[in-house]
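Everything on this sheet refers to the single structure shown next.
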Amino acid sequence: MKVIELFIDEEGEFAGIDAISIVEQPAIEENFVALKEDIKVELADVDKEKRILMGAALIPNKKIYRKNGEDEFYIYFSEDTVRRASELFLMKGNQSKSTLEHQASLSGLTVVESWIVEDDTHDKSRKYGLNMPVGTWMVSMKVNNDEVWEDYVKTGKVKGFSIEGYFTDKVEMSMIDAELEAAEVLLEIADSIEAGKLNLETYSDYGEGVRNNAKRGIELNKKVNNRCATSVGKIRAQQLSRGEKLSVSTIKRMYSYLSRAEEYYDPSDSKACGTISYLLWGGKAGLAWSRGKLKQLGEIKD
C-alpha cells in the first residue's frame, strides 16, 4: 500500500490547519484527556470543573489510513510539517474554530494551550498519561459549551481531536508545475487587459545576490533531504540560480511571498524550513530586487 507525505503549500491561498474537530474516532488513534474531577483524570488542586480537553492534534511520521473509492493508502506528516501547522494555526487566529465530527461548527470551544513535545520524560503531557513521541503537536481546549460537555464529552461520544486543513502532496504539486508557465502567461495577459497594456517582457537583471541566495537554499535543502518548500518554490530556486528570465507576474508572486515570509527567515538557523524557503525565492536580495523592479514598471507605488 502506498504511503504519501503531506505538506503545507504556503504559497497557496489556503495553508495549514483551519479548525480542530472533536470526534469519536480520531484519525491519529489517540484519545484526549478530559481535565475534570470525575472524568478520567483527577487533579490534586481541582475544586471545580475545568472543562479542558488535552490531546494530540498531530503526531509526526505516524501513518494514517485513508481510502478514496477503491484506492487505499496511508498519509503522514513530517516533524517539520507538524510544527509549521501548529504555528500557522495560531498565527491565523483559528484558536476558536472547532467542529463536531468535521461537520457541525461549534461555539464555546477555544484552544488555550498549544505546544510541541520536546522531551520524552518531562513534557507536560506525561503528567496525564499521554506518552506522545517527540515532535507531537499537543493542544488543550477549553469547553464552554454546555451541550458539548454534557452530551458528548461526559458520555464518551467524542474521544479525541482531528484536524481540518489544507495540505498537498508531491503528485498535486507536480501537476501545478506542469501548468505553471502557462498560468503565468495567462496572468500576464489578464493583468495587461486590466491595465490597458500588454507586457510580455521578461527580466533577469537580479544580480549575483539573488542567484547566490537561491543556490544556498538549494544546498541547505539537500542537507535536510529536500523536505522544505513546495515544488513551485524549488523550481523557482532552480530558475534563479541559473539566472533565467522571469515574467512580471512571476516577479509579483516573488515579491508577495518574500514580503509575507520575511518574518520566518532566521539566518542563524540554517535547518529551519522558513529560512530555506526564503532563500530559495532569492532571500532579502530577491525581495529588494522584486520590489525595485515592480516600482520601475509602475506595478507598485512607494
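Net charge near Asn212, counting Lys/Arg +1 and Asp/Glu -1 over other residues with Cβ under 14 Å of its Cβ?
Residues near Asn212 contribute +3 overall.
As a quick test, which of the pairs Lys127/Lys222; Lys63/Lys271; Lys67/Lys157; Lys92/Lys252; Lys97/Lys245; Lys62/Lys92 have an alpha carbon distance above 31 angstrom in this structure?
Violating the 31 Å limit, Cα to Cα: Lys127/Lys222; Lys97/Lys245.
Once the piece of chain linking Ser268 and Asn131 is laid out straight, how much longer is it, given 0.36 nm per residue of separation minus the C-alpha distance between them?
Net length gain for the segment: 46.1 nm.
Give me the mean projected area, in nm² to one decimal, of the convex hull enclosing the Cα positions of segment 89-143.
4.5
If you rank Val23, Val3 by fewest surrounding Cβ atoms within 10 Å, what's the result?
If I rank by nearby Cβ atoms, fewest first, I get Val3, Val23.
Quickly rank 153-161, 111-119 as a protection proxy: mean count of other C-beta atoms within 10 Å, highest first.
Ranked from most to least packed, the peptides come out as 153-161, 111-119.
Between segment 58-74 and segment 271-297, how many Å separate their Cα centres?
The distance from the Cα centre of segment 58-74 to that of segment 271-297 comes to 36 Å.
Please give the net charge around Ala19, taking every other residue with its beta carbon less than 9 angstrom from that of Ala19, where Lys and Arg add +1 and Asp and Glu add -1.
That sum, taken over residues with Cβ under 9 Å, equals -1.
Each value in this text was obtained by applying a stated rule to the coordinates, not by laboratory testing. Because the structure is a prediction, the values reported are computed rather than measured. Quick reminder, even Gly has a Cβ in these numbers, built from the backbone with ideal geometry, and neighbours come from all protein chains shown.
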